[in-house]
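Undergrad: Sending over a structure as structure tokens; questions will come in a sec.
What follows is calculated from the coordinates using simple rules that are stated; it is not laboratory data. Predicted model only: the values in this text are computed from it and were never measured. All Cβ positions, even for glycine, are placed from backbone atoms using ideal geometry, and neighbour counts span all protein chains on display.
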Amino acid sequence: MDADAVVIGAGVVGLACARELAARGRDVVIIERHERFGVETSSRNSEVIHAGIYYPAGSLKARLCVAGSRRLYAWCAEHGIPHARIGKLIVASTADEEPRLDEILRQAEANGVSSLRPLSAADVRALEPHVRATRGLWSPDTGIVDSHQLMASLLAEAEGRGGTAAWRHEVVGADPLRGGGFGVTARSDGETTRIEARTVVNAAGLDADLVAAYPGLNARAAGYALHFARGHYFRVSRARRTWPGTSSTRRRACPTSASTSPWTSRAASGWGRTPSTCRSGCRTTRSRPRSATRSTPPPPATSKASSRRTSRPTWRASGPSSRDRASRSGTS
Ligand SMILES: Cc1cc2nc3c(=O)[nH]c(=O)nc-3n(C[C@H](O)[C@H](O)[C@H](O)COP(=O)(O)OP(=O)(O)OC[C@H]3O[C@@H](n4cnc5c(N)ncnc54)[C@H](O)[C@@H]3O)c2cc1C
């Protein structure tokens, strides 16, 4: 075997898997088609740490979200990743919507989230005067995280424990090996290379089904069909963003009936203002540490994984080319 474990995709999921494998003493190679980590969905999200309120009880999503949220807060605290447990307000804007709040409360409790607190209309108004509501729920465990720094910390730990990354390598084929494991074929700058590994983690995000198909796995048949969804984004007007009577950085509200984000004092948290989005799809003002930057210099295109390839006789040509991803973007 060329590597003990290969992780395909350097989004937040692939990086977390790579870190975990490396922490268990596995020799990990991350293969990523872009020149750096987190270029796709992991850098285009709302950076919310979800509490695990809505998912069906017992589902993988519910279990992973609830356990993951606790581990994520702990990871952030331990590694100095900017984050804030800002809480979330879920509201009923009419009496008709109130039974839905009761359902959400029941669902949360079934998922092991016992921190939700019912709010009266007056409670909601006191928290967010711009939000009209007949009742509400307060989720104190919902928060935000700097996803870029989170991913950087995962990669740093994986690399610190011997993991390596091959940037600008697109996986274009994979085949099961007779004695277990997979041969993975990747293409970079017109060159095709192959790496054999005992374990392969498919963390290819929106292309995970394509990657799964290379060795003959049918993601849909296995119950992992991708469901594309389209969100709508709204900008909060400047006037509405300001908490009356306080500094403009004191508190921010998301103008949907579904949720608001009461921001803590920027001075207290040390976060600066950067445009971002909230979970319910609003574009609002997001805090970010002043020191944080999105412009990570691309890592060297060739690290241990790809430099190895020149000395690996097992690299061989070809493999199915990946489907046109352009046709997938914008799918809803
Ligand atoms: C609008 C929006 C808002 C969201 N908000 C939140 C939120 O607030 N909180 C939250 O927890 N989640 C949120 N999510 C979901 C979250 O962003 C995703 O679940 C997460 O980023 C998925 O990470 P990933 O590593 O699986 O995928 P990705 O980040 O897409 O990573 C997959 C990687 O695999 C690489 N790859 C794919 N195919 C190949 C190949 N053949 N060869 C080599 N590399 C390959 C890609 O280049 C990519 O880097 C949101 C998502 C969206 C779209």
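Undergrad: Hey, what do the phi angles of the stretch 88-101 turn into as Karplus ³J(HN,Hα) couplings, whole Hz, using 6.51/-1.76/1.60 and θ = phi - 60°, x for Gly and Pro?
TA: 9, 9, 10, 10, 9, 8, 9, 4, 4, 7, 4, x, 5, 5
Undergrad: Separate question: Run the quick spin-label model on Phe234 and Thr94: label points 7 Å from Cα toward the beta carbon, then report their separation in nm to one decimal.
TA: 1.5 nm
Undergrad: Between Ser115 and Leu177, what's the calculated FRET efficiency when r is the beta-carbon distance and R0 is 35 Å? Round to 0.05.
TA: That gives a FRET efficiency of 0.15.
Undergrad: Counting only Cα, what are the radius of gyration and maximum Cα-Cα distance Dmax of the stretch 79-227, in Å?
TA: So, for the stretch 79-227, Rg and Dmax equal 23.3, 66 Å respectively.
Undergrad: In the neighborhood of Ser114, defined by Cβ-to-Cβ distances under 14 Å, what is the net charge if each Lys or Arg adds +1 and each Asp or Glu adds -1?
TA: Charge balance near Ser114 sits at +1.
Undergrad: Neighbouring Cβ atoms within 10 Å as the yardstick, rank Phe234, Phe37 fewest first.
TA: Starting with the residue having the fewest Cβ neighbours, the order is Phe234, Phe37.
Undergrad: Charges at C-beta only: +1 for Lys and Arg, -1 for Asp and Glu. How large is the resulting dipole of the stretch 1-62 about its Cα centre, in Debye rounded to 20? Each step should come with its number before you reach the end.
TA: Details: 7 positive and 8 negative charges, 44 e Å.
The dipole magnitude comes to about 220 debye.
Undergrad: Further, regarding this structure: For Ala74 paired with Arg220, estimate the spin-label separation in nm (one decimal), with each label point 7 Å from Cα along the Cα-to-Cβ line.
TA: 4.0 nm
Undergrad: Taking the simple approach of a point 7 Å from Cα along Cα-to-Cβ for both Asp189 and Glu35, what is their distance in nm?
TA: Roughly 1.2 nm, to one decimal.
Undergrad: Also: I need the calculated FRET efficiency for the pair Arg132 and Asn45, taking r as the beta carbon distance and R₀ as 22 Å, to the nearest 0.05.
TA: Numbers: r = 28 Å, r/R0 = 1.26.
FRET efficiency, Arg132 to Asn45: 0.20.
Undergrad: Once each part is reduced to its C-alpha centroid, what is the distance from the stretch 135-202 to the stretch 10-85 in angstrom?
TA: 11 Å
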